[in-house]
Ligand code: NAD
């Protein structure tokens with residue numbers, strides 16, 4: 001088993017599969033990317049999406065709204081993108097200003113164009129094991145395990161974090177009756193008691209809590225697989241800005257059978273999967289339905 005689970009080869013496979021599919025289906029996927037205000041991290045992510053789009057042959061229409069944008073103005077922009085037949089997917093850059101209700105905005109995105117999976121219809125379909133647009137980060141975790149051929153079926157997965165975009169959908173995907181899932185799942189959160197006693201029982205431990213280097217070696221079982229979803233900005237010893245995960249990589253490396261690095265792990269897979277969702281949405285709007293298994297087959301081979 002590989003010790004360090006890099007996301008880079010997986011991202012490359014996804015991009016190749018998407019380029020081939022776009023050419024084969026002769027489609028021109030187009031995304032509306034809406035950003036409210038600006039900050040260095042959000043600007044970086046947005047530019048990354050625009051540049052990935054052009055490499056893949058997808059158009060990304062960046063709509064940058066002022067930091068003072070009201071909820072009504074944002075909902076108006078979303079409505080316009082919902083009804084525009086040239087737009088196949090809508091992506092809303094986070095964070096949004098405090099006065100904007102994330103749930104209301106997520107509900108406003110039409111489910112067929114909801115490539116970041118904010119609409120409750122898409123989240124509900126995951127619970128029902130019905131095909132839908134699946135949030136990119138949970139899918140990135142499953143693609144990583146699939147690529148490195150790490151068995152999931154029947155194993156105990158512990159997820160730290162219960163957000164609607166990572167922890168909850170990921171827990172539900174792990175429960176799907178599929179050979180790449182079929183896990184027993186425990187979700188922990190900020191009110192869980194004796195977290196270490198729970199995390200030590202994990203065959204696969206997923207950290208998605210947004211706390212830099214929170215998971216230490218004593219929380220980890222020998223020989224377990226560690227998946228780090230966290231991306232936290234931190235000044236390194238020389239005062240330079242660096243990114244670290246939610247797992248203390250250096251202290252956990254020896255105990256883990258495998259571990260995803262940060263950066264270069266789950267995050268790099270996630271950014272490619274946004275375009276998988278865009279392509280899926282574009283095909284759906286043409287009446288062509290490709291489900292998760294179809295995409296897994298296209299990316300990794302049968
Ligand atoms: P969030 O803040 O919405 O949720 C964090 C969750 O962690 C909450 O459910 C909370 O209960 C739990 N939590 C917080 N402190 C805890 C503690 N001490 N013990 C146990 N549980 C605790 O965060 P999110 O949006 O799910 O993001 C989580 C992390 O993943 C962040 O670092 C974020 O930057 C990162 N992220 C990465 C990607 C990617 O592509 N790799 C995508 C999305 C988010």
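The values are calculated or read from the model by the stated rules, or taken from the named source; none is laboratory data. Remember, predicted model here, so these are calculated numbers, not experimental data. We place every Cβ from the backbone using ideal geometry, glycine too, and count neighbours over all the protein chains shown.
Residue 145 meets each of the listed conditions (1) modelled with pLDDT of 95 or more; (2) in contact with a helix residue (DSSP H, G or I) (Cβ under 9 Å, 6 or more places away or on another chain); (3) buried (at least 18 other Cβ atoms within 10 Å of the Cβ) apart from (2). In the set (1) at pLDDT below 95; (2) within 14 Å of the ligand (Cβ to nearest atom); (3) out of contact with any helix residue (DSSP H, G or I) (no Cβ under 8 Å at 6 or more places or on another chain), residue 233 fails one condition alone, (3).
The condition (being farther than 30 Å from residue 6 by Cα, in contact with a helix residue (DSSP H, G or I) (Cβ under 8 Å, 6 or more places away or on another chain) and either free of Cβ contacts under 8 Å to residues at least 24 places away in the same chain or outside any helix (DSSP H, G or I) (or both)) is satisfied by just one residue among 78, 100: 100.
So how many residues does segment 166-188 have that are touching a helix residue (DSSP H, G or I) at 6+ places or on another chain (Cβ under 7 Å) and assigned to a loop (DSSP other than H, G, I, E, B)? Count: 4.
In segment 244-255, of all residues being surrounded by 22 or more Cβ atoms within 10 Å (Cβ to Cβ) and free of Cβ contacts under 8 Å to residues at least 60 places away in the same chain, the one that is farthest from the ligand (Cβ to nearest atom) corresponds to 252.
Screening residue 151 against (1) farther than 23 Å from residue 12 by Cα; (2) without any contact (Cβ under 8 Å) to a residue 24 or more places away in the chain; (3) not in a helix (DSSP H, G or I) leaves a single unmet condition, (1). Step by step: first the residues of segment 192-239, then only those that are in a loop (DSSP other than H, G, I, E, B) and in contact (Cβ under 8 Å) with a residue 60 or more places away in the chain, then the one that is farthest from residue 139 (Cα to Cα). Which residue is that? Step by step, filter segment 192-239, then rank; the result is 208. Residues that are in contact with a helix residue (DSSP H, G or I) (Cβ under 8 Å, 6 or more places away or on another chain) and within 14 Å of residue 167 (Cβ to Cβ) were ranked within segment 205-222; the one that is farthest from the ligand (Cβ to nearest atom) is 205. When segment 46-59 is filtered for residues that are part of a helix (DSSP H, G or I) and touching a helix residue (DSSP H, G or I) at 6+ places or on another chain (Cβ under 8 Å), the ones remaining, listed by number, are 48, 49, 52, 53, 55, 56. Residues that are over 17 Å from the mean Cα position of the chain (by Cα) and on the phi > 0 side of the Ramachandran plot within segment 237-264 comprise just one, 239. Applying a threshold of 8 Å to beta carbon distances and a minimum spacing of six or more residues, or different chains, the list of pairs starting in segment 256-274 at a residue that is farther than 22 Å from residue 116 by Cα and ending at one that is part of a helix (DSSP H, G or I) and within 9 Å of the ligand (Cβ to nearest atom) reads 260/266. For segment 18-34, a tally of residues being under 18 Å from the mean Cα position of the chain (by Cα) and either farther than 15 Å from residue 115 by Cβ or assigned to a helix (DSSP H, G or I) (or both) returns 1. Does any residue of segment 285-300 turn out to be away from the ligand (no atom under 15 Å from the Cβ), in a helix (DSSP H, G or I) and in contact with a strand residue (DSSP E or B) (Cβ under 8 Å, 6 or more places away or on another chain)? Scanning segment 285-300 turns up no residue that is away from the ligand (no atom under 15 Å from the Cβ), in a helix (DSSP H, G or I) and in contact with a strand residue (DSSP E or B) (Cβ under 8 Å, 6 or more places away or on another chain).
Taking the condition near the ligand (Cβ under 9 Å from one of its atoms), assigned by TED's automatic domain parsing to the domain that holds residue 159 and surrounded by 15 or more Cβ atoms within 10 Å (Cβ to Cβ), does residue 225 pass? Taking the combined requirement at face value, the residue does not satisfy it. Filtering segment 149-184 to residues that are within 16 Å of the ligand (Cβ to nearest atom) and farther than 25 Å from residue 94 by Cβ leaves 157, 158.
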